[in-house]
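Since every read-out is calculated from the coordinates, none of them should be taken as a lab result. None of these values were measured; they are calculated from a predicted model. Heads up, the Cβs are rebuilt from the backbone with ideal geometry, glycines too, and the neighbour counts pull from every protein chain shown.
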Amino acid sequence: MKFILGKKIEMSQMFDEKGNIIPVTLVAAGPCVILQKKTKEREGYDAMQIGFIKLEKKSKIKKTMKGKEYRHIREFTLPTGRQELSADQVSNNVGDEVNVSQFVEGDKVNVIATSKGKGFQGGVKKHGFAGRNSSHGAKHESRQIGSVGQRFPQHVIKGRKMPGRMGFEQITVKNLKIAKVDAVNNILALKGAVPGHRGTLLEIKAAQ
């Protein structure tokens with residue numbers, strides 16, 4: 001069971017043994033602290049709760065945060081199935097540190113993050129519409145979405161792709177390969193891209 005929280009630093013590139021360029025995303029992962037172990041007997045399911053970036057200012061700490069004075073707190077459910085493990089069977093205990101040393105190069109992970117918010121966008125940008133032609137009297141309508149209704153049933157069909165807010169959605173990218181692990185600086189290099197801008201919180205969990 002491998003999991004950790006981190007923040008996106010930036011995209012970069014590195015070279016493999018054959019000299020090929022590999023695009024990577026650098027992530028400042030951890031260190032995190034295990035705050036709570038949930039079990040089926042007490043909470044009804046098995047999970048581990050970890051905290052990332054400890055709050056130092058007393059003004060930021062509320063009474064309800066006693067024992068969990070962290071900026072980011074996330075919960076990772078334990079895998080179920082043939083190799084099902086309960087929280088009590090996991091070697092990690094409350095107060096233990098979770099860092100990048102648990103990962104090795106070549107491991108595959110799933111990354112959950114929030115994509116960039118792009119505000120209110122039209123159909124051409126949001127859905128990839130082609131727009132209208134610029135001839136035959138179609139003036140100033142090159143990016144219009146065209147007709148949205150029909151003669152029957154006299155209203156817009158539910159689910160019609162139309163302009164609206166774009167981005168700022170939770171996205172999961174599966175099976176990203178770990179290209180490099182820097183245990184000294186707590187940095188992971190993930191092959192490929194992950195959602196979000198620089199500084200976006202990432203939930204990283206070993207792919208099952």
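Have a look at E43, E105, E17 and tell me which one the Gaussian network model of the chain (Cα, springs below 10 Å) gives the largest fluctuation.
Highest fluctuation of the listed residues: E17.
Say we join alpha carbon atoms closer than 10 Å with springs in a Gaussian network model of the chain; which of K57, K158, K177 then has the biggest fluctuation?
Result for the chain, Cα springs under 10 Å: K158 fluctuates most.
Suppose we look only past 16 Å in the calculated P(r) of region 123-167. What percent of the Cα-Cα pairs does that tail hold?
Considering region 123-167, 48 percent of its Cα-Cα pairs are separated by more than 16 Å.
Work out the charge dipole of the chain with +1 on the Cβ of Lys and Arg and -1 on the Cβ of Asp and Glu about the Cα centre, then indicate which of H136, L176, G117 is farthest towards its positive end.
H136
Just list whichever of K125/K158; K7/K161; K118/K139 have alpha carbons separated by over 30 Å in the model shown.
Violating the 30 Å limit, Cα to Cα: K7/K161.
If amide H atoms are built 1.01 Å from N in the plane of the peptide, which residues on other chains or at least 5 residues away come under 5 Å of the amide H of G167?
K118
Once you list every other residue whose beta carbon is under 13 Å from the beta carbon of Q102, what net charge do they have if Lys and Arg are +1 and Asp and Glu are -1?
Within the 13 Å Cβ shell, the charges total -2.
For the chain, compute Rh as the Kirkwood radius over C-alpha pairs and then the Stokes-Einstein diffusion coefficient at 20 °C and 1.002 mPa s; write the answer in µm²/s, rounded to an integer.
Here the translational diffusion coefficient equals 104 µm²/s.
Magnitude of the Cβ-charge dipole of the chain, K/R +1 and D/E -1, about the Cα centre, nearest 20 debye?
1300
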